[in-house]
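S.K.: The structure that follows is given in the form of structure tokens.
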Amino acid sequence: MPRKKNKQERPMDAEAAMEAAGHEEIAVGADIDEVVSIEARIEALELAVDEANNKALRTLADFQNYKKRSLVDERLAREDGAASVLGGVITILDHFDLALGLDPEKTTANAVLDGVRLIKSELLKAIGDQGVTTVEPQIGDEYDPTRHQATGMTPIEGVEPGHIAVVMQHGYAIGDRVVRPATVMIAPEAPVDQEA
């Protein structure tokens, strides 16, 4: 059965309630400060997250723009390279047109050879302007498998074994990169006498 409260307990309970309420207010006041502090930290973190997201989006957009610019730059570089080569080749085509327009009845073999030499000279100049050099080994030079391609062996008097005996075709290089090795034949090793 519930206990009945007397009149004297009520004021004490009220005082106790007031005292307890005062403590709650203090606790609530302390909690409010803590909540405000936490809310401020949350707001700061949300701002930091928003800033990080915006930075990430800007970085992604910058990267996508960089990729697009790179593709355009690559295409333009290819076109510039082709235009540069074409500029030299067009002159050579003009020389061919002149040669083909000559009257065979009035042209000598020497004139044709001079024209071919001129065209070769112009072509070498055009590829030279692009950084291409010729690989032109001489008879007697040491065979270099990185710059020469041996197609066989042939003995040549005065050429040491393993050295170039015949140059069949010049090679070409761009910088240190060999585009086509020079085609050569090399002198064989001297046969070993088999006397018993």
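The values are calculated or read from the model by the stated rules, or taken from the named source; none is laboratory data. No experiment lies behind these values; they were computed from the predicted model shown. Methodologically, a virtual Cβ is constructed for each residue, glycine included, from the backbone with ideal geometry; neighbour enumeration extends over all protein chains shown. For the accessible areas, the whole protein counts, side chains as well, though only heavy atoms, and no ligand, DNA or RNA atoms are used. Shrake-Rupley method; radii C 1.70, N 1.55, O 1.52, S 1.80 Å.
S.K.: Can you work out which of the residues in the stretch 179-195 that are of a type in the set (A, V, I, L, M, F, W, C) and part of a loop (DSSP other than H, G, I, E, B) is modelled with the highest pLDDT?
M.R.: Ranking the candidates gives 187 first.
S.K.: Sort through 115, 131 and tell me the only one that's closer than 28 Å to residue 81 by Cα, under 39 Å from the mean Cα position of the chain (by Cα), open to solvent by less than 100 Å² (accessible area, probe 1.4 Å) and small (Gly, Ala, Ser).
M.R.: That would be 131, the only listed residue that is closer than 28 Å to residue 81 by Cα, under 39 Å from the mean Cα position of the chain (by Cα), open to solvent by less than 100 Å² (accessible area, probe 1.4 Å) and small (Gly, Ala, Ser).
S.K.: Within 26 Å of the chain's Cα centre (by Cα) and not hydrophobic (A, V, I, L, M, F, W, C): does that describe residue 67?
M.R.: So residue 67 passes the test.
S.K.: Going through the stretch 154-165 one residue at a time, which ones are surrounded by fewer than 15 Cβ atoms within 10 Å (Cβ to Cβ) and either within 28 Å of residue 177 (Cβ to Cβ) or among the basic types (Lys, Arg) (or both)?
M.R.: 162
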